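The values are calculated or read from the model by the stated rules, or taken from the named source; none is laboratory data. These numbers were taken from a predicted model, which means no experiment stands behind them. When we count neighbours, we look across all protein chains shown, and the Cβ atoms used for this are built from the backbone with ideal geometry, even at glycine. Quick note on the areas: whole protein, heavy atoms, side chains included, nothing else; ligands and nucleic acids left out. Shrake-Rupley method; radii C 1.70, N 1.55, O 1.52, S 1.80 Å.
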Amino acid sequence: EFTLGFTLVAVVLQVGLGLAVALFLHQRIPGRAVLRAMMLLPLMIPPVITALMWKIMMASTKAGILNHMLSFLGVDPINWFGSTQGAVVSILIIDTWGNLPFVSLILLGALQALPTEPYEAARVDGAGPLQMLRYITLPLLAPFLVLAVMFRAMDSLRIFDVIYATTGGGPNDATTNLHIMALQFGFQWYQMGKAMAQAIVLLLLVVMANAVLLRLWNRAS
């Protein structure tokens with residue numbers, strides 16, 4: 001349940017935000033080159049280091065920088081990893097921070113490669129920015145959006161390092177996905193048959209998701 005639910009929410013959130021960031025950085029804004037360079041920073045940090053860094057910042061007391069900042073707004077300290085909902089949200093935040101630049105760079109590169117003729121014709125016809133986004137940009141970006149969804153879906157289905165370094169699958173198995181479950185069966189409870197079954201189920205999910213998205217990509221392109 002967590003595996004599929006997390007994958008769905010993570011893909012929608014990261015592709016949606018990635019598209020918004022790519023559209024923003026595609027505009028002629030001051031400091032655009034610096035902002036693009038800063039986007040690469042999360043990609044340079046190993047996922048485990050990223051997870052541990054966020055775990056320190058999300059400490060349940062005011063010693064955690066996030067709770068310290070929230071205290072200025074009158075918000076009580078949040079137990080980020082101590083509750084089931086908080087743990088799931090925390091994993092989602094960490095995963096989004098680490099992978100959002102990847103999605104944004106894919107879509108930003110696609111935006112820069114789009115032809116300019118349709119936009120010039122649309123401006124002559126009096127089309128506004130939202131109309132050009134809906135009827136020109138999104139249809140032309142469709143293959144790249146599917147490609148971004150494909151990469152993020154496969155990574156989200158088999159996410160392991162962030163969960164293992166922060167919650168270990170807890171609390172109360174709230175963040176236990178098939179990957180973590182296979183580890184538990186195999187190396188904690190020494191039930192290799194069940195561990196292999198979990199790994200095979202995970203493999204089948206990745207293969208099926210990849211097959212569906214490849215078909216969508218072929219249609220979009």
Test Val89 against the stated conditions and say whether it is assigned to a helix (DSSP H, G or I), open to solvent by less than 60 Å² (accessible area, probe 1.4 Å) and under 19 Å from Gly16 (Cβ atoms). no
Within segment 1-43, track down each residue that is open to solvent by 80 Å² or more (accessible area, probe 1.4 Å), closer than 15 Å to Leu111 by Cα and in a helix (DSSP H, G or I). Phe24
How many residues does segment 110-134 contain that are open to solvent by 30 Å² or more (accessible area, probe 1.4 Å) and either closer than 21 Å to Val9 by Cα or part of a helix (DSSP H, G or I) (or both)? 14
Only one residue in Thr96, Thr137, Thr84 is open to solvent by 30 Å² or more (accessible area, probe 1.4 Å), among the polar types (S, T, N, Q) and in contact (Cβ under 8 Å) with a residue 24 or more places away in the chain. Which one? Thr84
Under 9 Å between Cβ atoms, which residue pairs at least 6 apart in sequence (or on different chains) link something in segment 169-186 that is at positive phi with a partner that is part of a loop (DSSP other than H, G, I, E, B) and among the β-branched types (Val, Ile, Thr)? Gly169/Thr175; Gly169/Thr176
Within segment 167-180, take every residue that is of a type outside the set (Gly, Ala, Ser) and surrounded by 19 or more Cβ atoms within 10 Å (Cβ to Cβ) and give me the one that is nearest to Leu205 (Cα to Cα). Leu178
Qualifying positions in segment 150-166 - open to solvent by 30 Å² or more (accessible area, probe 1.4 Å) and not in a helix (DSSP H, G or I): Arg158, Phe160
For segment 127-135, does any single residue satisfy the condition of being closer than 22 Å to Leu17 by Cα and of a type in the set (Ser, Thr, Tyr)? yes
Checked segment 181-201 for anything over 18 Å from Thr7 (Cα atoms) and crowded, with 16+ Cβ neighbours inside 10 Å; matches are Leu183, Gln184, Phe185, Gly186, Ala195
From Leu205, Leu147, Leu107, Leu216, grab the single residue that is modelled with pLDDT of 95 or more, closer than 28 Å to Thr3 by Cβ and part of a helix (DSSP H, G or I). Leu107
